[in-house]
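This report concerns only the one structure given below.
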Amino acid sequence: MFKQFLSKLPRKSSKSESGGGELNRSSSGQVPSPVQRSGAGSGVGSGPVRSNSGKRMSSAVFPASVVAGIEPLVPFKDVPTSEKLNLFVSKVSLCCVTFDFSDPGKNSIEKDVKRQTLLELLDFVASGSVKFTEPAILAMCRMCAVNLFRVFPPNYRSSGGGGGGENDDDEPMFDPAWPHLQIVYDLLLKFITSPCLDAKLAKKYLDHAFIVRLLDLFDSEDPRERECLKTILHRVYGKFMVHRPFVRKSMSNIFYRFVFETEKHSGIAELLEIFGSIVSGFALPLKEEHKIFLWRVLIPLHKPKSVGNYFQQLSYCITQFIDKEPKLGSVVIKGLLKFWPITNSQKEVMFLGEVEEILEAMSVMEFQKIMVPLFLRIACCVTSSHFQVSERALFLWNNDQIVNLIGHNRQAILPIMFTALEKNAQDHWNQSVLNLTLNVRKMFCEMDEALFMSCHSRFKEDEAKQCSAAEKRKQDWERLENAASMKPVTGKTAVLVTPRATSIAC
């Protein structure tokens, strides 16, 4: 097979042949730098150097420079164990050559050779037969940077966290280089999780700059790439303890930029999923920085209109915080009330679902801190003309834990809810909402009949006062209309015109 590849590759000059399989120069005349030739043990260089040291534009939009043919190196099984790391560095350096994948017919042989080399590297790393040295770690990090780190083309679609935004029907963008990128991601994952990789040695190369560039890739529109990145970042966080504070800080910066500046990012859901597992590992008592993250990042993440794309992951993170420290439940409820949607019914339904989860884990003492503002908002939701909002609010009374909390504080809650329940019972258009309202009324009546009757009589008094005020207001307007109709229209004086005044004027 390799002989067939070699027969199709262009002839090299005698100078390159003397280098023991060194790559040709690219058509642009670039030559390998000393850093790229870190695999000097085997005399094998790498592909052309780019001026931005590993950054490249997306191959889907910005084609890479044309490169000459590359040769496959000897298999690992054909060299002694003492030379395997040198061969590893040589193969990794060989894979630093990039191709344009937007044209499937371009450099097809070279692409296949690189793919076979990547697969061979993947098998070698997975075998765990040799402990990685510093030159091997350097070569591996550089190869991953060259192949993975790239600038994405501008996104003209209104994408929010998770890539959907308002236009949920938009199809995600798939990078044509993905079959190749996937192998590189798999190789990086195997490399990071390999027992042959010393974290103390590797942290110099898997450094802050590398992590920042890795986090930047979460903005990829390709969901397959974001899924790979999620697994890799989770493993990096687990293996390199020294980088954990920096990873959390960098993720916070992405969230800040999303919430307060752009409201556009494709990987918010994946980042929150990672952070959910991080929160579950926090030690007790929670540090102040973690509580600040909850208040300044997680709660404001409810504000963007694309919250539906990552709401499940966000809700999980908040639930983890409350499980760790139940006193934070009242803090979260206050934050939700601050960002409560007024005109977005679907968001209201989601918020009500999250409120139910929080109330389930809340103590009576914490519940009393927020019950008045919370049930003022729930009362508004109960009377909503959108039946799903009203229905979801009334479903709270199907939860035994919440009913227990309400029962202990019925003296404060029933007066707040009674008016909303009575209005629903009288004239709500949806039959399901009407039935649920009657059930809740019956539940309150059974809890405390005396309090229920007291609220009912107060409601009747308020209703009579409102009718009286409305009647008085109507009479005042009629008196003003009569007075205005008796005076002639003079000049440009503005007067209130009634049908009767119009007829007189005519």
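The values are calculated or read from the model by the stated rules, or taken from the named source; none is laboratory data. Just so it is clear, the model here is predicted, and its values are computed rather than measured. Positions of Cβ are backbone-derived with ideal geometry, glycine not excepted, and every protein chain shown enters the neighbour counts. We work out accessible area using only protein heavy atoms, side chains counted, and drop any ligands, DNA or RNA first. Shrake-Rupley method; radii C 1.70, N 1.55, O 1.52, S 1.80 Å.
Some values worked out for this structure:
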{"quantity": "Tensor-based shape of the range 267-338 (alpha-carbon gyration tensor, a/c under 1.5 rounded, otherwise prolate or oblate)", "calculated": "oblate"}
{"quantity": "Residues of the range 432-449 with amide N under 13 Å of a point placed 7 Å along Cα→Cβ from Val403", "calculated": "439-448"}
{"quantity": "Rounded accessible area of Val349 (nearest 10 Å², 1.4 Å probe)", "calculated": "40 Å²"}
{"quantity": "Amide hydrogen neighbours beyond the local backbone of Val151, cut-off 5 Å, H modeled", "calculated": "Arg56, Met57, Ser58"}
{"quantity": "In nm, spacing of pseudo-spin labels at Ser277 and Arg479 (7 Å Cα→C-beta vector)", "calculated": "7.5 nm"}
{"quantity": "Gain on full stretching of the segment that runs from Thr81 to Ser385 - 0.36 nm per residue minus C-alpha separation", "calculated": "102.0 nm"}
{"quantity": "Gyration tensor verdict on the range 386-449 (Cα atoms; rounded if a/c is under 1.5, prolate if a/b is larger than b/c, oblate otherwise)", "calculated": "prolate"}
{"quantity": "Rounded to the nearest 20 debye, dipole of the range 345-502 from Cβ charges on Lys, Arg, Asp, Glu", "calculated": "1020 debye"}
{"quantity": "Ranked order, Tyr310, Tyr205, Tyr237 - accessible area, probe 1.4 Å, largest first", "calculated": "Tyr205, Tyr237, Tyr310"}
{"quantity": "Inter-label distance for Ser457 and Met486, nm, one decimal - labels placed 7 Å from Cα along Cα-to-Cβ", "calculated": "4.5 nm"}
{"quantity": "1.4 Å probe accessible area per residue over the range 166-251, in Å²", "calculated": "46 Å²"}
{"quantity": "The range 435-488, dipole about Cα centre (Lys/Arg Cβ +1, Asp/Glu Cβ -1), debye to the nearest 20", "calculated": "260 debye"}
{"quantity": "FRET efficiency for Lys442 and Ala361, using Cβ-Cβ distance with R0 set to 25 Å, rounded to 0.05", "calculated": "0.35"}
{"quantity": "Spatial separation of Cα centroids for the range 407-431 and the range 93-160, in angstrom", "calculated": "62 Å"}
{"quantity": "Given charges at Cβ of Lys, Arg, Asp, Glu: the range 347-475 dipole, positive-most of Ser457, Leu438, Ile358", "calculated": "Ser457"}
{"quantity": "Tensor-based shape of the range 199-330 (alpha-carbon gyration tensor, a/c under 1.5 rounded, otherwise prolate or oblate)", "calculated": "oblate"}
{"quantity": "Computed E for Ala126/Gln368 - FRET, C-beta separation, R0 45 angstrom, nearest 0.05", "calculated": "0.20"}
{"quantity": "Accessible-area composition of the range 201-319, carbon plus sulfur, in percent [1.4 Å probe]", "calculated": "54 percent"}
